[in-house]
1. When only C-alpha pairs under 8 Å and at least 6 residues apart count, what is the relative contact order of the stretch B:10-166, in percent?
2. Of the cross-linked pairs A:65/A:98; A:51/A:135; A:98/B:76, which ones have a Cα-Cα span greater than 31 Å in the structure shown?
3. In degrees from 0 to 90, rounded to the nearest 10, what is the angle of the helix B:126-137 Cα long axis to the longest principal axis of chain B?
4. Considering only DSSP states other than H, G, I, E and B, which GluC sites (Glu not before Pro) in the stretch B:28-116 qualify as loop sites with at most 11 other Cβ atoms within 10 Å?
5. Got a sec to turn the phi values of the stretch B:56-66 into Karplus ³J(HN,Hα) couplings, 6.51 cos²θ - 1.76 cosθ + 1.60 with θ = phi - 60°, whole Hz, x for Gly and Pro?
6. Could you pull out every residue, at least 5 positions away or on a different chain, whose amide H is within less than 5 Å of the one on residue B:142? Hs are placed 1.01 Å off N in the peptide plane, and Pro or chain starts have none.
7. When Lys and Arg each count +1 and Asp and Glu each count -1, what net charge do the other residues less than 11 Å away from residue B:106, Cβ to Cβ, add up to?
8. If eta is 1.002 mPa s and T is 20 °C, what Stokes-Einstein diffusion coefficient results for chain A, Kirkwood Rh from Cα pairs, in µm²/s?
Amino acid sequence: MTIYNLYIFDRYGTLLYYGEWNRSKQSGMSREEEGKLMYGMLFSIKSFVAKISPLDPKEGFMHYKTSKYTLHCLETPSGLKFVMNTDNQAQGVRDLLKKIYGEIYVKYAIRNPMCGIGEPITSELFKNKLDAFIKQSPIQYARAS
Amino acid sequence: MSRQTSRLDAKKVNSELLTLTYGALVSQMLKETENPEDVNKQLERIGYNMGVRLIEDFLARTTSTRCLEMRETADKIQQAFRLYLNMQPTVTSWSSSGDEFSLVWDQCALSDWVEMPNNGLRYCALIPGAIRGALQMVQLEVQCWFVQDQLKGDAVTELRVKYIKRLEDAVPAGED
């Protein structure tokens, strides 16, 4: 079970943070471009999923799966999007994302007066805490690479 | 912040310390600014900036989902008052269309030991600012103002909240 990477977007589509752990193949475009495409795709999927839903959706889109990886998305009511790519065996990623939101993002970005709202997070403390959190999470069996 | 509070339990900071710090801040602002109206505006802005951040903390702590109508929103605001200020405001005076309500309280941690100058200062302008900021982050635009104020001799403090409109999700560039 492996975590590949994590994107955090704000509600205007700004890529606030990007982190990767075991990503062995890059997409071949700039991080900025990749972030924009990722947000655009999620935006479209989200609105289409809501449109074809037979019932009024509460949480809407949560994840998709390919033969090689699963993309999980957590959107908070304030419009932040936490997007994580993992392999297909990973369980409980949604709870993990909720924890990243509550225990890492709120604690080390929101409560940090040096981190502007809607600006990319550059704080080293945030990065270190996130890394430590990911490394000790049960999903992450460090696959030395 | 987390670094400073690591020695001190963040949950147990003396409320009197908060009251006095806030009082010192307001009186200093009054000294530096001639016009109390400007102080009101500044306090509202400080509150707004706090609200914008506070909402994330609130959402993470309460794991609340999106509100479908104003009554739910009012409950959440009430809950937030309890959580952050240990206050128990009551929600009353709904307008017939259900888009406007009052929060009424008779005790506020911020306004203990305050002597009000008689110049139109809204001492607690921080609170409506925080509500406005927090709700803006969940795509709700509201107006928020004081109807009655204990510090001005009324029996209770009444804060009116009015729903203006829903802010729409941002569309990424180049999409419809």
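The values are calculated or read from the model by the stated rules, or taken from the named source; none is laboratory data. A quick note: this is a predicted structure, and the numbers were derived from the prediction, not measured. Positions of Cβ are backbone-derived with ideal geometry, glycine not excepted, and every protein chain shown enters the neighbour counts. To get the accessible areas, we keep the full protein, side chains included, count just its heavy atoms, and leave off ligands, DNA and RNA. Shrake-Rupley method; radii C 1.70, N 1.55, O 1.52, S 1.80 Å.
1. 28 percent
2. Pairs exceeding the cut-off: A:51/A:135.
3. Approximately 20 degrees, to the nearest 10.
4. B:34, B:69, B:115
5. Rounded to whole hertz, the list is 5, 4, 4, 5, 5, 6, 9, 6, 7, 9, 4.
6. Residues meeting the amide H criterion: B:164.
7. Net local charge, residue B:106 excluded: -2.
8. Answer from the Stokes-Einstein relation: 135 µm²/s.
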